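Asks: First the structure, which I've put down as structure tokens, then a few questions once you've had a look.
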Amino acid sequence: MTKSERTRHHIVKSTAPLFNRKGFDGTSLADLTEITGLTKGALYGNFHDKHDMAMEAFKYSMQKVKKKVGQHLAGTSTYKERLIALLDFYSTYVFSPPIPGGCPLLNTAVEADDHRTSMRGVVVKELMNTVNFISDLLQKGIKAGEFRPDIVPKEIAYTLFCAIEGALMFSRAERSREPMDLIVRHCKKVLDQITS
């Protein structure tokens, strides 16, 4: 890794939690220079602008989340076990997210909805990647005889993912595990109901 690549990685790694906690508008240039220990010139020597920095920080955050998901699913042998492990991962996510400040996907999606529309494409891609990942596990589970053949994987994937993200928002706002615990239990019942 070159010195320039190391500096760029340092900036992304340092600013990812900041953007995740404070959002794009809430993150000032002073915040960025303080957290990285670099000057404005050094920051903008490595990134075109603040938006470019925030975009890379979001991508870094999502890579970190995906790595944690992969670790959490390691050791599972069935598709149902993988889905349960995914639900269990999200249940720990409420107060121990891989990136401080909560779910980067949820946080960035809220900003990208009406305000930072330039991020919408990247956010939607990540949302769909997650829904498709769940749907794929369900489809493979059908082929393996684990799940009923009459289910619609995409519908269940959307339902599970939207329930979890909503519970995550509610639990973090309320500072209570209860909403997430209730939703995780419900989602596991859904998986039991569709099991062959």
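Only the coordinates and a few stated rules stand behind these numbers; no lab work does. What you see is a predicted model, and the numbers here were worked out from it, not measured in a lab. So basically every Cβ, Gly included, is an ideal-geometry build from the backbone, and we count neighbours across all protein chains shown.
Asks: Does the stretch 60-152 come out rounded, prolate or oblate, given a ≥ b ≥ c as the square roots of the eigenvalues of its C-alpha gyration tensor, rounded meaning a/c under 1.5 and, failing that, prolate meaning a/b above b/c?
Replies: oblate
Asks: Beyond a 25 Å Cα-Cα separation, which of these cross-linked pairs lie in this structure: Lys3/Lys50; Lys13/Lys188; Lys125/Lys154; Lys22/Lys68?
Replies: Lys13/Lys188
Asks: About the Cα centre of the stretch 36-167, how large is the charge dipole given +1 on each Lys and Arg Cβ and -1 on each Asp and Glu Cβ? Please answer in debye to the nearest 20.
Replies: Using Cβ point charges on Lys, Arg, Asp and Glu, the stretch 36-167 gives about 340 debye.
Asks: Something else about it: Net charge around Glu165, counting only other residues with Cβ within less than 14 Å of its Cβ (Lys, Arg = +1; Asp, Glu = -1)?
Replies: Computed value for this residue: -1.
Asks: If you don't mind, there's one more thing I want to ask. For the charge dipole of the stretch 3-194, defined by +1 on Lys and Arg C-beta atoms and -1 on Asp and Glu C-beta atoms about the Cα centroid, which residue among Met53, Val65, His9 has the Cα displaced farthest towards the positive pole?
Replies: Highest projection toward the positive end goes to His9.
Asks: A further question follows. How big is the gap, in Å, between the Cα center of the stretch 1-24 and the Cα center of the stretch 131-148?
Replies: 36
Asks: Using +1 at the C-beta of Lys and Arg and -1 at the C-beta of Asp and Glu, which of Phe161, Phe147, Val122 has the Cα lying farthest in the positive direction of the dipole of the stretch 111-196?
Replies: Comparing the listed Cα positions along the dipole, Phe147 ranks first.
Asks: With the chain treated as a Gaussian network of Cα nodes joined by springs under 10 Å, which of Leu18, Leu127, Leu29 yields the largest mean-square fluctuation?
Replies: Of the options given, Leu29 has the highest mean-square fluctuation.
Asks: Gaussian network model of the chain, Cα springs within a sub-10 Å range: biggest mean-square fluctuation belongs to which of Val124, Val12, Val152?
Replies: Val152
Asks: May I ask for the angle, rounded to the nearest 10°, between helix 120-143 and the longest principal axis of the chain, with both axes built from Cα atoms and the value confined to 0 to 90°?
Replies: So the helix axis and the longest Cα principal axis differ by about 30 degrees.
Asks: Suppose only helical runs count, i.e. DSSP H with n ≥ 4. What mean residue ellipticity at 222 nm does that imply for the chain under -39500 (n - 2.57) per run, divided by all residues and rounded to the nearest 500 deg cm²/dmol?
Replies: So the helix-based figure for the chain works out to -26000 deg cm²/dmol.
Asks: If you don't mind, there's one more thing I want to ask. Can you list the residues, at least 5 places off or on another chain, whose amide H is less than 5 Å from the amide H of Phe147, using H built in the peptide plane?
Replies: HN-HN under 5 Å from Phe147: Ile142, Ser196.
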